[in-house]
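Only the coordinates and a few stated rules stand behind these numbers; no lab work does. Keep in mind the model is a prediction, meaning the values are calculated, not measured. Cβ sites come from the backbone with ideal geometry, for glycine too, and all protein chains shown count toward neighbours.
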Amino acid sequence: MPEPIRLAKRVAELTGCSRMEAEQYIEGGWVTVDGETVEAPQHPVTTERVEIDPAAELTATEPATLLLHKPEGTAWQDTAVLATPATHLLEDDSGVRPLKRHFHRLTPLMPLDTGASGLMVLSQDGRVWRRLTEDYAEIEQEFVVEIRGNTDPYTLSRIGHVASYQGRGLAPCKVSWQNEVRLRFAIKDVQPGELSHRCREGGLEVVSIRRLRIGRIALAKMPVGQWRYLPVGARF
């Protein structure tokens with residue numbers, strides 16, 4: 001039995017490429033060992049069949065950002081466990097090739113009430129993390145809120161101009177009627193529980209909350225519990 005060697009060394013021998021290029025092929029999901037994709041360059045091999053996809057592209061593997069339709073009842077901090085290969089949207093047209101490594105070390109960003117559903121961002125990308133945390137207060141979010149209760153001509157004004165919440169001053173926000181039982185909010189720097197508080201100040205009870213958009217990125221048509229990749233080149 002020959003001594004095991006690193007998969008990257010075997011790929012370099014097979015292709016005549018450098019060790020660094022071999023690692024890029026492996027990390028890009030282009031290499032199989034006995035028919036199974038392996039993404040770890042240090043994976044040991046001996047007599048196994050190692051093959052490189054003929055369509056392989058020599059590009060660096062970028063960190064992934066996933067867009068998830070969070071269900072009601074899940075804490076936003078716990079949403080990374082919902083992103084699995086089985087919950088990937090079949091119609092994902094992002095242009096990103098799914099890799100096993102995309103499910104490691106995902107950080108949930110942009111808080112969302114546990115009782116709310118809608119768009120959640122899960123990312124491995126430090127650039128996305130900085131954008132959505134450091135610039136949080138400047139990024140507009142859009143919500144649809146189902147309500148019940150009696151309304152009058154001043155309901156929207158009371159909701160949009162609530163002075164404070166939990167001792168923190170609130171800026172006015174844009175709120176409009178989507179229909180007789182749904183409000184649409186366009187709001188920045190929204191805090192957990194704030195939308196329910198605004199509705200109570202307007203004399204209304206919240207039935208459900210759903211986040212539709214974060215900055216330029218929309219939830220679009222995606223079933224609850226499924227996810228898709230942030231499209232290549234897209235920005236919040």
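Each Lys and Arg contributes +1 and each Asp and Glu -1, all at the Cβ; summed about the Cα centre of region 147-236, the dipole is approximately 480 debye. By the helix-only formula, in which each DSSP H run with n ≥ 4 contributes -39500 (n - 2.57) and the sum is divided by residues, the chain has a 222 nm mean residue ellipticity of -4500 deg cm²/dmol. Out of 61, 191, 76, whose Cα points farthest toward the positive end of the dipole of the chain (charges: +1 Lys, Arg; -1 Asp, Glu; placed on Cβ)? So the residue furthest toward the plus end is 191. Eigenvalues of the alpha-carbon gyration tensor of region 80-196, scaled by 5 and square-rooted, set the equivalent ellipsoid semi-axes at 33, 18, 12 angstrom, largest first.
Within the straight-line cut-off of under 23 Å between alpha carbons, the lysines reachable from residue 100 are 9, 70, sequence neighbours fewer than 8 places apart in one chain being disregarded. Computed from backbone phi with θ = phi - 60° and the Karplus coefficients 6.51, -1.76 and 1.60, the 3J(HN,Hα) list for region 129-139 is 4, 5, 4, 7, 9, 5, 9, 3, 5, 9, 9 Hz; x is used for glycine and proline. DSSP bridge analysis restricted to the chain gives an antiparallel fraction near 95%, rounded to the nearest 5. Relative to the Cα centre, the charge distribution of the chain, modelled as +1 at Lys and Arg Cβ and -1 at Asp and Glu Cβ, gives a dipole magnitude of about 780 debye.
With a cut-off of 8 Å between alpha carbons and a minimum separation of six or more residues, what is the relative contact order of region 102-199 in percent? It comes to 28 percent, rounded to a whole number.
May I ask you to derive the FRET efficiency for residue 3 and residue 105 from their Cβ-Cβ distance with R0 = 41 Å, giving the value to the nearest 0.05? That pair, residue 3 with residue 105, gives E of 0.80. In order along region 167-183, phi translates into HN-Hα couplings of x, 10, x, 10, 7, x, 10, 8, 9, 8, 7, 7, 7, 5, 10, 10, 9 Hz, rounded to whole numbers, per the Karplus curve 6.51 cos²θ - 1.76 cosθ + 1.60 with θ = phi - 60° and x for Gly and Pro. Inter-part distance, region 5-31 to region 210-236, computed on C-alpha centroids, equals 34 Å.
What separates the Cα centres of region 70-98 and region 143-193 is a distance of 29 Å.
Taking every alpha-carbon pair within the chain, the share separated by more than 27 Å comes to 47 percent. Restricting the GluC sites (Glu not before Pro) of region 1-110 to loop positions (DSSP other than H, G, I, E, B) with no more than 15 neighbouring Cβ atoms within 10 Å leaves 57, 72, 91.
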